[in-house]
């Protein structure tokens, strides 16, 4: 097996795909209708007929070579002589010339040969701004030998002739690529997708290399997660200039959760044979269980715990009831929110006695299921902070096929009866990960129907277990926008986030883009991670921490993102009017003001829309007060301005600037507070980590 690079710089081994076998061994083309012209480059005038070739500024050239002695295909050679941050400035493109119907698959096949250190991008994209990508590939290997790409992409919607295009972006690296035998075939929905040959694992719905998307998402974060803050210091009626102001964020309204296995949290937790496989998987890494427990419960990195299986009905009856309450109380004692997963998964295989439940009459089956839901919510009242009532009702349907579809809204009614104050959620297991948006649309329709049936649905949980082929963050953005628009901003929680990528640096880079996507949507209230530890993970390449609990690049990225990038820690100095301004992340803060050796401390909550913090040094009982910011003009320094991240560099040190021109400016200039001798005053950073309470670890 040879690997081709579909992501990251030339010379790195494959992350997003594998090329299977040599070109001669690839499968024959499937039956269907061809939707492009002159894929063999055998029609030419000044260039290949039917193809648009673009060179916007002397970046390279195109050369068409006919077959030697008339035998074999023609070859188009593209030479990049000057690189460009916008690699489409050297481009080969053709619009799809026939209508594509929803449900069809577009089968794409072409051969390429690249020179050493060269790389190019291939996309199938829509021909409207911002050029949404339906397929994304980056190819850089093998060098100096012919290779073949074959891949089938589902058609998510009807596309008129000319509404989409194939495009090669060719100005990223110096060197050359040769192309030949390009085929694009529309394949009937009746053809089994598994019968279509594939030599790559593609990215659907976008591109992890899209810096424009990333910059827009970072700017959106500054818009929805930050607001202007004015700190005004006065002594009685007199403004105080030169006051040192320190802001330190304590928490965030965006939850970071962990999906933990109860036997790993509770000492001597391997109490049932169902847990033997996990116990064996730990092996010698068992000595690092204390470090794992500390990371989960006492590091301050996570604020929410989900027990992976202990509360699911079958597992709860077998062993979960002996561990779950202990694990839940342990989490709550350490200040963590408990997310309940899940009251009912409508598949018989997840019920305690599948064979017996399959034999039940519809009414008896429904009554038994609803009794279980009421019993669990009552038993864990005050222990579980929010419940997934239904887990995967669109992926698993056999139970309500037998009991009747009224089971679905009735499940929410039963949960409400058992615990009226607990938020009740619907969990979807596929919508974010499917290659098309059809499933997320069905999920939205299900929620709308449940609400019409008087079910109280307080939020939506979307699973995000990503493996090849990957769904791009742009596609997830679009689906989250659909949910926010169609469900009136219903709260969304991203669950089971894990990213199975062989190359560690790539995993970190891709994971960060996914987190940027989630954090940039105001109605997304949190993300929880699954299988963070290699020793517990069914797919160790998806973990964030090694078996010895040292962080992989993805773990280091996450820790920095939460503790620095998405956290505000700032030092300011008041100007002439006693004012200091900053754009800060929403959340609770420690505020400290020092004037002439005297220090005043307090707490403030920074809310969307802006916050006014007033500190009166003359008020000895309650010197600090807050209120919503109502000024019409704010300084340039706290306006949102466009963000510019480094382009397609793994783990680039981009520092999101405070975005651009969303509020009128005033001429105020806020001088930075000088750092005391020997001290370092951090720049404004985002995303708070609360001070964790002392850990209460079992038997440690």
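Each reported figure results from applying straightforward, stated rules to the coordinates on display, with no laboratory input. Treat the numbers as computed from the prediction; the structure is a model and nothing was measured. Quick reminder, even Gly has a Cβ in these numbers, built from the backbone with ideal geometry, and neighbours come from all protein chains shown.
Some notes on this structure:
- Separation of the residue 488 and residue 268 label points, Cα + 7 Å toward Cβ, nm: 5.3
- Prolate/oblate/rounded call for the stretch 152-306, Cα gyration tensor, a/c under 1.5 rounded: oblate
- Estimated FRET transfer efficiency when R0 is 22 angstrom, pair residue 355-residue 322 (beta carbons, to 0.05): 0.35
- The packing ranking, built from the mean of other Cβ atoms within 10 Å per residue, places the peptides 129-136, 363-370, 166-173 in the order 166-173, 129-136, 363-370, highest first.
- Going by neighbour counts of Cβ atoms within 10 Å, the residues 272, 183 line up, fewest first, as 272, 183.
- Ranked by the mean number of other Cβ atoms within 10 Å per residue, highest first, peptides 412-421, 294-303, 612-621 order as 294-303, 412-421, 612-621.
- In terms of overall dimensions, the C-alpha atoms belonging to the stretch 444-550 reach 49, 25, 23 Å along their principal axes, ordered largest to smallest.
- Sequence-separation-based contact order of the stretch 363-436, relative, with Cα cut under 8 Å and 6+ spacing, percent: 46
- Cα gyration tensor category, rounded, prolate or oblate, for the stretch 292-438 with a/c compared to 1.5: prolate
- Cα gyration tensor, the stretch 192-271 - rounded (a/c under 1.5), prolate or oblate: oblate
- Relative protection proxy for 325-333, 567-575, from highest mean packing down: 567-575, 325-333 (other beta-carbon atoms within 10 angstrom).
- Among 41, 120, 270, sorting on how many other beta-carbon atoms sit within 10 Å of each Cβ, with the fewest leading, yields 270, 41, 120.
- Distance between modelled label sites at residue 401 and residue 607, nm, 7 Å Cα→Cβ extension: 5.0
- Relative contact order of the chain, taken over Cα pairs closer than 8 Å and 6 or more residues apart, is 17 percent.
- Listed candidates (1) 37, 31, 28; (2) 45, 37, 23; (3) 86, 36, 26 - label of the one calculated as semi-axes √(5λ) of the Cα gyration tensor in Å: (2)
- Label zone at residue 478 (point 7 Å along Cα-to-Cβ), backbone N below 13 Å, the stretch 194-208: 204-207
- Placing R0 at 60 angstrom, the Cβ-Cβ distance between residue 632 and residue 71 gives a FRET efficiency of 0.20 after rounding to 0.05.
- Rh (Kirkwood; distinct C-alpha pairs) - the stretch 23-207, Å: 16.7
- Taking every DSSP bridge with both residues inside the stretch 514-648, close to 95 percent are antiparallel.
- Here residue 375 and residue 195 are evaluated by their C-beta separation; at R0 = 60 Å the FRET efficiency comes out at 0.80.
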